[in-house]
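Engineer: Just dropping this structure here.
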Amino acid sequence: MTPRIKQSELSKPVYSDGKEVVSGAPKDLVTSRVVRIYQEAKPATQSGHHNGDHWKLDWDVLGKGNRWENDLMGYQGSSDYMQGTIMKFDTKEAAVRFAENQGWDHYVQEPKKRHFRKKDYSANFYHSAGPLKHIRTK
């Protein structure tokens, strides 16, 4: 037979405004870490704007106290479990909203815009006074 619990023995629910209770994340992740929100730069290849539309959120790298060098191979090790975590968002506003909802301190790194000048191939052959632009040997 199952014992019955009286209503007075039940504890009242505790409500918290912090997200760390629900998410299960460690407290130091919420209180001491800063996240960076940025848009990845366009690659220097001819692949156009691939991967340039998303906004990313990642954590700042911790200081030297959390890194060490492997004696055998010389690899760098880290105790930072969030260093390799990157989240993608469609818009900057969505990334900022997510960081604020989680209670994380954040900063936004705006992308640098490229300014293009119109160039024509025919400009290479315009007449200009002075020495020749193209020196020909034959």
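Engineer: Points 7 angstrom from Cα along the Cβ direction at M73 and N124: gap in nanometres?
Structural biologist: 4.7
Engineer: Could you tally the net charge around D58, taking each other residue with its Cβ under 11 Å from the Cβ of D58, Lys/Arg +1 and Asp/Glu -1? Let's see the in-between values first.
Structural biologist: Details: positive: R33, R36, K56, K88; negative: E40, D60.
Combined, the nearby Lys, Arg, Asp and Glu give +2.
Engineer: Taking R0 as 22 Å, what FRET efficiency do you get between L62 and K42 from their Cβ-Cβ distance, rounded to the nearest 0.05?
Structural biologist: 0.15
We did not get these values from a lab; they are worked out from the coordinates using the rules stated. Treat the numbers as computed from the prediction; the structure is a model and nothing was measured. Here the Cβ is made from the backbone with ideal geometry for all residues, glycine too, and neighbour counts use every protein chain on show.
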